[in-house]
Amino acid sequence: MKTLICGKGGCGKSTLTALLAQSMARKGCNVLVVDNDESNFGLHRQLGLELPQDFLNYFGGKKELGEKMRESFSTGEAVSFFENRWKIPDIPEEYVSVKGNLSLMAVGKIHDFGEGCACPMGVLSKHLLKNIDVQDNDFVFIDTEAGIEHFGRGVEEGCDALLMVLDPSYESIRLSEKISSLASAAGKDIYYVLNKIDEESKSFLSVKVPEDLILATLPVMESVFKAGLLGSEFNVESEEIESIASFLTDLKG
């Protein structure tokens, strides 16, 4: 199953991605995390892994990939990235960090001043996710950049379900309305996780999004906060995270 995790900046997308991936890995699942946020350099540390080489480099780097896209647009031919479909073990090992049954790959990062837009990364993400075939015990979690740009790039096409993380903010509430509409247009099921929530904000947010689609309400977790601040691996087991993991396992069937 391929699950995309989205939301506003700072809502806790990477935190949820890391905690869910670790939970699934403890259950014995084969887990691949796809870091699709070109400006986030912390997810690998939360997972206790090294930051892998940008997957863009498999295609010659951002410049060469951009030229390939421009050539495709000028000829009217659809851009093609993969000759064969991949399973998780088929991903070239130099682009994956691995610890046991938990793997991480990064589509691409912004490394240099003035290097240009991240559009090639979004296009590559879309094709990568559509090209990966998951097996019975596989789970793929995609950590996205903030906002809704990934919808515009069609990244969701290769995913089975969406999780939106909401924190107690007006921006999250407004964004949830737009993302719900975009998910519907994409034909994808969407579920919600409320993060950094107390009882008052929970009661307020529960009337702003469909209550039956809220999978869990996460309080501020001090151990997660400290680990994130120090850039160290998460080592947290949470009843709320386990309930989300169980839901996704059941959803996969």
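The values are calculated or read from the model by the stated rules, or taken from the named source; none is laboratory data. As the structure is a prediction and not an experimental result, all values here were calculated from the model. Because the Cβ atoms are built from the backbone with ideal geometry, glycine has one as well, and the counts that use them run over all protein chains shown. Ligands, DNA and RNA are stripped out before the accessible areas are found, and what is left, the full protein with its side chains, is counted by its heavy atoms. Shrake-Rupley method; radii C 1.70, N 1.55, O 1.52, S 1.80 Å.
Scan the stretch 151-175 residue by residue and report those that are open to solvent by less than 50 Å² (accessible area, probe 1.4 Å), more than 19 Å from LYS126 (Cα to Cα) and assigned to a helix (DSSP H, G or I).
We begin by selecting, within the stretch 151-175, every residue open to solvent by less than 50 Å² (accessible area, probe 1.4 Å); these are 151, 153-156, 158-159, 161-167, 169, 172-173, 175.
Checking which are more than 19 Å from LYS126 (Cα to Cα) leaves us with 165-167, 169, 172-173, 175.
Across the stretch 151-175, the qualifying residues are SER172, ILE173, LEU175.
Quick check on this structure: which one of GLU38, GLU83, GLU115 is part of a loop (DSSP other than H, G, I, E, B), open to solvent by less than 50 Å² (accessible area, probe 1.4 Å) and of a type in the set (Asp, Glu)?
Exactly one of GLU38, GLU83, GLU115 is part of a loop (DSSP other than H, G, I, E, B), open to solvent by less than 50 Å² (accessible area, probe 1.4 Å) and of a type in the set (Asp, Glu), namely GLU38.
Just need a number here: residues in the stretch 9-28 that are open to solvent by 10 Å² or more (accessible area, probe 1.4 Å) and either acidic (Asp, Glu) or out of contact with any Lys or Arg (no Cβ under 9 Å at 6 or more places or on another chain) (or both).
Here is the first cut: in the stretch 9-28, the residues open to solvent by 10 Å² or more (accessible area, probe 1.4 Å) are 9-10, 12-15, 22, 25-28.
Those still in the list that are either acidic (Asp, Glu) or out of contact with any Lys or Arg (no Cβ under 9 Å at 6 or more places or on another chain) (or both) too: 9-10, 13-15, 22, 26-28.
Total satisfying the criteria: 9.
State whether the residues of the stretch 188-199 include one that is open to solvent by 50 Å² or more (accessible area, probe 1.4 Å), on the phi > 0 side of the Ramachandran plot and either touching a residue at least 24 places away in the same chain (Cβ under 8 Å) or in contact with a Cys (Cβ under 8 Å, 6 or more places away or on another chain) (or both).
Yes.
Has the stretch 26-35 got any residue that is closer than 20 Å to GLY147 by Cβ, at pLDDT 90 or above and among the acidic types (Asp, Glu)?
Within the stretch 26-35, one or more residues are closer than 20 Å to GLY147 by Cβ, at pLDDT 90 or above and among the acidic types (Asp, Glu).
Given the criterion farther than 19 Å from THR15 by Cα, part of a loop (DSSP other than H, G, I, E, B), among the aliphatic types (A, V, I, L, M) and open to solvent by less than 50 Å² (accessible area, probe 1.4 Å), identify the matching residue among VAL209, VAL236.
Testing whether each residue is farther than 19 Å from THR15 by Cα, part of a loop (DSSP other than H, G, I, E, B), among the aliphatic types (A, V, I, L, M) and open to solvent by less than 50 Å² (accessible area, probe 1.4 Å) leaves just VAL209.
Residue under question is ILE148, and the condition is that it be open to solvent by 40 Å² or more (accessible area, probe 1.4 Å), at pLDDT 90 or above and on the phi < 0 side of the Ramachandran plot; does it hold?
Considered against the rule, which asks whether it is open to solvent by 40 Å² or more (accessible area, probe 1.4 Å), at pLDDT 90 or above and on the phi < 0 side of the Ramachandran plot, ILE148 comes out as yes.
Among the listed residues THR3, THR15, which satisfies the condition of being hydroxyl-bearing (Ser, Thr, Tyr), at pLDDT 90 or above and part of a strand (DSSP E or B)?
THR3
Which one of these is among the charged types (D, E, K, R), farther than 25 Å from LEU19 by Cα, open to solvent by 20 Å² or more (accessible area, probe 1.4 Å) and part of a helix (DSSP H, G or I): LYS126, LYS178, LYS130?
None of the others qualify; the one that does is LYS178.
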